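Single-structure report; data block below.
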C-alpha cells in the first residue's frame, strides 16, 4: 500500500552483505517487456514535510563545483539486454539483466569476481523491465514493476516484490508495494536504507502519452518494513532548464541512488537517452549537477574502495537492440558541471519521427498475430 506523508532523515542502504552466493533469482510473474529497447530511444522538490530545511540549507557544501567524469567504458552485453542490477554477495558480484525481444522477457543471471568480466550462469527466468534486487536485513528482495500498459484499456503498472532467504528460491509477497498516481505509469525502483526503515525512488509518466514521448518525474516514498510505503506528495526531481528538454516533453525517469563516501547522496537519472546526476544531504531536497557525459539509461553501480563508482547502464543500438555497458565515474571538484546541458536536438526524436524498428519487427505488419510487445509499441508510434 502507499499513501502520502513527510520524509525522515536517513542513512544509506548497502548493496553488499555476507549472504551465501546465489545462482538464480526465481522471479514471480511472467511479464512482457519487449519494448525496453524502444525505451532507450527516448528515455524521469522537496517533500511535503513542513519540518524540512530549505533546499539551500540542506545541500552538500560547494555541490555546484562537483561533477562526474566517465572513463574506461566497456561493452558487456549486446543483442537485446537492458536494466542491469548489480549486487555483491560475499566475494561475488551478481548482475540481473533483462532480456527482451521476440517473446516474453526474462532476467538472466551473470556472475563476476571483479564486476567487469561476467559469466552467464545459464539461468533464464521470467522477469520485468527495471527490476532491481537488494539485500535487506537478512533477506534478498526483488522490486519489480508489472507490465507497462500499451493500450488505454490496459491496467496500470504497479511495483510488486518477491523475497528470498538464499537468493535462489523467491516467494512472491502479497499486496502492492507502490501504486502509480491515477492516470500515470510507474517504473524504475531504487532502494536505500533509512534511520527508520527504507526509502524508495521511482518515476512516473502519463499513461496516455505515446511511449516514445514519455514525460516523467521522480518521486520518493518511505517505509518501515519495505512492504508498506508512504509516498511523497511532491516530486524529488523534475525537468528544468538543466536537461534542456523541449517545452512539451519534460522527462526525468529511472532513478538510482548511492551514498557518497564523503557524505550525502548522489542520484542518477536519465532524460532523452542521456544520464544526469543530482546531490543531496538528506535524500529529499536535490541539487542538479547536469549531464555526466554518458549517453544511455537505467543507471546502477557501487562505490569502489578508491572512491570511484563502478557504473552500469544500458543503451540502444539499431544493429544489436539493447546493450549494457560499464564505465568508471570519478567525482571531480573545482569546476561546474555542464548545466544547462546543450543536448543536440538531433539526439531527441521529435514527435512524428518514427525510429527504426527493432530487429524482431523487421518484415512484420501491425496486424500480424502474436506480435511481441516491442513490435506492438513500434507500430503504435505516430
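Details
- On the beta carbon distance between residue 73 and residue 182, with R0 = 45 Å, the FRET formula returns roughly 0.65.
- Each listed q (0.14, 0.17, 0.18, 0.21 Å⁻¹) maps to a log10 I(q)/I(0) for region 215-300, found by the Debye formula over equal Cα scatterers with no solvent: -0.49, -0.71, -0.78, -1.02.
- Its residue count N sets the reference 2.2 N^0.38 Å, and the alpha-carbon radius of gyration of region 137-239 equals 1.12 times that reference.
- Calculated FRET value between residue 206 and residue 90, using beta carbons and R₀ = 45 Å, to 0.05: 0.55
- For the pair residue 233 and residue 139 in one chain, pulling the backbone fully straight at 0.36 nm per residue adds 30.9 nm over the alpha carbon distance.
- For a modelled paramagnetic label at residue 306, 7 Å from Cα along Cα-to-Cβ, no residue of region 248-270 is in reach, as no backbone nitrogen comes under 14 Å.
No lab work stands behind these numbers, since they all come straight from the coordinates. Treat the numbers as computed from the prediction; the structure is a model and nothing was measured. Note that each Cβ is placed from the backbone with ideal geometry, even for glycine, and that neighbours are counted across all protein chains shown.
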